[in-house]
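Visitor: Can you read through this structure? Questions will come right after.
The values are calculated or read from the model by the stated rules, or taken from the named source; none is laboratory data. What you see is a predicted model, and the numbers here were worked out from it, not measured in a lab. Here the Cβ is made from the backbone with ideal geometry for all residues, glycine too, and neighbour counts use every protein chain on show.
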Amino acid sequence: MSLVVDSITKRFGPVVALDGVSFSVEPGRIFGLLGANGAGKTTCMRIVLDILRPDSGSVSWQGRANTALPRNTWGYLPEERGLYLRMKVIDVLCFFASLYGVPVRDATRDVEDWLDRFRIPEYRDRKVEELSKGNQQKIQFIAAILHDPAVLIMDEPFIGLDPVNVQLLKEAFFEMRSRGKTLVFSTHQMETVEELCESIAIIDRGRVVVAGSVREVKHAMGRQVVRLATEGDGNGLAWLDRMDGVTITSHRQDFVELQVPAGTDPEMILHAAMDHGERVTRFEIADPSLEEVFIEHVGRPAAVEAERHLAERPDR
Amino acid sequence: MRRLFPNAWHVARREYLMRVRSRTFAIVTALLAVIGLAIPLLPIGFQLIAGDRATTIGLYAGDASLESSAATSLEAILNAGASGGGSQTSRYVIRAVQVPEDARADVRAGKLDGLLSISRGDGQELSFDLYTDQRASNQAVVAIRQAATQVSIADRLSRAGIDPGEASQIFAPTTFGITPVDPNARHPEESFGPSYLLAMALVILTFMAVITYGQWVAISVAEEKSSRVMELLITAATPRQLLAGKVLGNGAAGLTQYAAVVAAALVGVLAQGVVAERLLGTGGGASLAGVNLWVFAPFGVFFVGGFLLYATLYAAFGSVAARQEDVPQVTGPMILVGMAGYFAAFIGLTVPDAGWVRALSLIPFFSPSMLPMRMLLSQVAPWEWGLAAALMVIFLAGALWVAARIYSAGVLLYGQRASLRAVLRAVRVDR
């Protein structure tokens, strides 16, 4: 039984933050919640966690309403990181674990295990304020999972991390999935989503514009991408323009990217190239990238949003 | 509804340890303990300083026999009056002087407190003149004037042929009793002083506790909001658990500080006798004799109730503040209520039986200081205790309900102007 978000609506005064948002997440999967800043991702997560109540709609996990579920069902990594800065790492983590009923001894063992995994065992007895932002974020992640929650909800978990730490966190994601956990996270870094997520929902202005498995979402775009490279300088590809429905989306240094409408067999491009006497060095049929899916549905690239998002958070 | 414990305990424990382990707490507690120790010993210190200094009056009569007899009786009368008149042990020394001009110079130089000149006029009547820089209403001047009058009367009696033995009978103190209107009133004159002081101390202690420790709660809530720990906390625990934990943890820390101060003050009170003996050579100091010490039982109960009431509301107000800097502004109404109670109790000290004092003393925001105050200085009827306790319980329940609502809404209110309107909106909005 999955995590089901069923047509939730939430208003803050005159602002409609969420407008009939629905999606579902299969257990044991990694799910990406994509959307621009202010699209409603955080509100959505807070409603799932039952720290906000929706005006209408419901959330259930394994058939039980979230309002009736024990709190230790969820692990939460909020977007705004916050820890008790003046406490020792081990004390902060054991405190949060104790709120979920985890005995101190078990919590201590798990904390040490995770600090090793994140390669920061020496920070165990340091005060949180002495840690870098990236390391604080890792502590925050540990705080979210110490009580062994069935579902992990993470709001922009990769923001502010350097590549090494991004990799460590991704490994932690896979570790959690291998333990049978369900992971939901929001982001606007499309490469991360491509790498981690089995399914996604894209939210724009409080509505789900598209949801489903990554494969379905890409197929639903109704087109495929062909990457073609030939010997020669590539200027001799004028014949491509004359083909029905085919559009060149970009000229790269060593290949050309084309879009092919759904009804067309991409292989006809390969045949056409050979007919024109080209020597084909690369021919690749691919689904459109999530970036393209996002632009298609939201009308602007996610990266621009990401920059704006960072600019609005000068504290990071 | 989720159980309050053990999560409230976890929150309270963290809150308590963080508070008690902080350097500020240690410094402030030590400072307050020193003050607590010093206050009971202060009167002894005053006596020590004042005791050294006798009032020295020069006496000039021109006539040697008049001078010596006047000096003897003046000294006897002045010092007798002083030792019988209360705790002040001011001493008077009368010194005969030969040259009035030199003595006047001594008075101007501060070596003498005054020069009393006696002369016998035409009708053999004595007349007195006091050369001093003190005003006529000064305590010493008044005493000297009374003593002079007695010397003058004794002089008239001896001139009328009444011998000194009979004269001393004439001056013997009379029998003077006091019959109280209400013989059961627990306030014989001599215990009013310590009772009054204790009542005042309780009023001040209550006010400080409510304002200081209430503020602790509000700041600690706002701190969690501004450091964004709050979002993790409300995922892990319910607003009621957090609220209860905050209030209990800070309350326990406050009680710890209070216990240290009260213990120091008790040591000071117990040491009064020993210290007085060592320094003054006499027993002394303010004693608690005649004070109704049973007052500490209801005071303890109402103090805890009052603290819980204030702290709960402080937590709610604190949750509306977006940043720590907003806390004083947001908690303004609470401080006003606390101040009102403080001033009402202070004015009430002088009129403990006034109708408005009796009425206010039943209201939960004021009862913790005003009921014990009335108990010490007057009487509190059993039904008043009952009504005040019932009101306290009702108010506490109401405050918890309202505070939990404000808190659960307030903790997620970021970036909004902290105002009373925001609070009211927070109460209306469901979560």
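Visitor: Do we find that A:Arg71 is out of contact with any strand residue (DSSP E or B) (no Cβ under 7 Å at 6 or more places or on another chain), surrounded by 22 or more Cβ atoms within 10 Å (Cβ to Cβ), under 30 Å from A:Lys127 (Cα atoms) and facing chain B (nearest Cβ under 9 Å) in this structure?
Guide: no
Visitor: Can you tell me how many residues in the stretch A:182-211 are under 30 Å from A:Asn72 (Cβ atoms) and charged (D, E, K, R)?
Guide: Counting residues in the stretch A:182-211 that are under 30 Å from A:Asn72 (Cβ atoms) and charged (D, E, K, R) gives 2.
Visitor: One residue is enough: does the stretch A:38-46 have a residue meeting the conditions in contact with a helix residue (DSSP H, G or I) (Cβ under 8 Å, 6 or more places away or on another chain), in contact (Cβ under 8 Å) with a residue 12 or more places away in the chain and not charged (D, E, K, R)?
Guide: No, every residue in the stretch A:38-46 fails to be in contact with a helix residue (DSSP H, G or I) (Cβ under 8 Å, 6 or more places away or on another chain), in contact (Cβ under 8 Å) with a residue 12 or more places away in the chain and not charged (D, E, K, R).
Visitor: Still on this structure, I have one more. Over 13 Å from B:Pro364 (Cβ atoms), more than 14 Å from every other protein chain (Cβ to nearest Cβ), assigned to a helix (DSSP H, G or I) and modelled with pLDDT of 60 or more: which single residue out of B:Val393, B:Val402 fits that description?
Guide: Result: B:Val402 is the single residue among B:Val393, B:Val402 that is over 13 Å from B:Pro364 (Cβ atoms), more than 14 Å from every other protein chain (Cβ to nearest Cβ), assigned to a helix (DSSP H, G or I) and modelled with pLDDT of 60 or more.
Visitor: Also, quick follow-up: For the stretch A:177-193, how many residues are surrounded by 15 or more Cβ atoms within 10 Å (Cβ to Cβ) and assigned to a helix (DSSP H, G or I)?
Guide: Residues that pass the stated criteria total 4.
Visitor: Considering the stretch A:204-258 alone, what residues qualify as being farther than 17 Å from A:Gly32 by Cα, among the small types (Gly, Ala, Ser) and assigned to a strand (DSSP E or B)?
Guide: If the condition is that a residue be farther than 17 Å from A:Gly32 by Cα, among the small types (Gly, Ala, Ser) and assigned to a strand (DSSP E or B), then A:Ala229, A:Ser250 are the ones that fit.
Visitor: Might you let me know whether the stretch B:186-203 holds any residue that is touching a Phe, Trp or Tyr at 6+ places or on another chain (Cβ under 8 Å) and modelled with pLDDT under 85? Steps first, answer last, please.
Guide: Our first condition is that a residue be touching a Phe, Trp or Tyr at 6+ places or on another chain (Cβ under 8 Å); within the stretch B:186-203, this holds for B:200, B:202-203.
In the following step, the residues that additionally are modelled with pLDDT under 85 were identified as B:200, B:202.
Within the stretch B:186-203, one or more residues are touching a Phe, Trp or Tyr at 6+ places or on another chain (Cβ under 8 Å) and modelled with pLDDT under 85.
Visitor: Pick out the one residue from B:Val267, B:Val274 that is in contact (Cβ under 8 Å) with a residue 60 or more places away in the chain, away from chain A (no Cβ under 14 Å) and in a helix (DSSP H, G or I).
Guide: Details: B:Val274 fails: in contact (Cβ under 8 Å) with a residue 60 or more places away in the chain.
Of the residues listed, the single one that is in contact (Cβ under 8 Å) with a residue 60 or more places away in the chain, away from chain A (no Cβ under 14 Å) and in a helix (DSSP H, G or I) is B:Val267.
Visitor: Hey, A:Tyr76 hits all of (1) of a type in the set (Ser, Thr, Tyr); (2) closer than 26 Å to A:Phe174 by Cα; (3) away from every other protein chain (no Cβ under 12 Å); (4) buried (at least 16 other Cβ atoms within 10 Å of the Cβ) but one; which does it fall short on?
Guide: (3)
Visitor: Let me ask you something else. Mind listing just one residue for me: the one in the stretch A:99-139 that is within 14 Å of chain B (Cβ to nearest Cβ) and farther than 23 Å from A:Met154 by Cα and, of those, surrounded by the most Cβ atoms within 10 Å (Cβ to Cβ)?
Guide: A:Lys127
Visitor: While we're on this one: Is it the case that B:Gly318 is under 21 Å from B:Gln215 (Cα atoms), surrounded by fewer than 19 Cβ atoms within 10 Å (Cβ to Cβ), out of contact with any Ser or Thr (no Cβ under 6 Å at 6 or more places or on another chain) and not charged (D, E, K, R)?
Guide: Spelling it out, it is not the case that B:Gly318 is under 21 Å from B:Gln215 (Cα atoms), surrounded by fewer than 19 Cβ atoms within 10 Å (Cβ to Cβ), out of contact with any Ser or Thr (no Cβ under 6 Å at 6 or more places or on another chain) and not charged (D, E, K, R).
Visitor: Inside the stretch B:1-20, can you point out the residues that are surrounded by 20 or more Cβ atoms within 10 Å (Cβ to Cβ), over 17 Å from B:Ala218 (Cα atoms) and more than 8 Å from chain A (Cβ to nearest Cβ)?
Guide: None; the set is empty.
Visitor: Please go through the stretch B:223-254 and pick out each residue that is away from chain A (no Cβ under 13 Å) and closer than 22 Å to A:Val128 by Cα.
Guide: Within the stretch B:223-254, just B:Lys246 meets the criteria.
Visitor: I'd like the full set of residues that are among the polar types (S, T, N, Q) and either over 15 Å from B:Ile57 (Cα atoms) or surrounded by fewer than 14 Cβ atoms within 10 Å (Cβ to Cβ) (or both), limited to the stretch B:136-156.
Guide: B:Ser137, B:Gln139, B:Gln146, B:Thr149, B:Gln150, B:Ser152
Visitor: Out of the stretch B:98-119, which residues are among the aliphatic types (A, V, I, L, M), within 23 Å of B:Leu66 (Cα to Cα) and either in contact (Cβ under 8 Å) with a residue 24 or more places away in the chain or surrounded by 13 or more Cβ atoms within 10 Å (Cβ to Cβ) (or both)? It would help to see each step written out before you state the result.
Guide: Within the stretch B:98-119, the subset among the aliphatic types (A, V, I, L, M) is B:99, B:103, B:105, B:107, B:109, B:112, B:115-116, B:118.
Those left that are additionally within 23 Å of B:Leu66 (Cα to Cα): B:99, B:103, B:107, B:112, B:115-116, B:118.
Correct list: B:Ala103, B:Val107, B:Leu112, B:Leu115, B:Leu116, B:Ile118.
Visitor: I'm told B:Thr179 meets every condition in (1) at pLDDT below 85; (2) assigned by TED's automatic domain parsing to the domain that holds B:Tyr314 except one. Can you identify the failing condition by its number?
Guide: Here B:Thr179 meets the rest and fails (2).
So that you can scan it fast, the table gives a plain yes or no per residue for (1) over 22 Å from the mean Cα position of the chain (by Cα); (2) at pLDDT 90 or above; (3) more than 14 Å from chain B (Cβ to nearest Cβ):
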position	(1), (2), (3)
A:Val5	no, yes, yes
A:Val21	no, yes, yes
A:Ile51	no, no, no
A:Arg86	yes, no, no
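Visitor: Could you say which residue among A:Leu93, A:Leu18, A:Leu52, A:Leu34 is in a loop (DSSP other than H, G, I, E, B) and either among the hydrophobic types (A, V, I, L, M, F, W, C) or on the phi > 0 side of the Ramachandran plot (or both)?
Guide: A:Leu52
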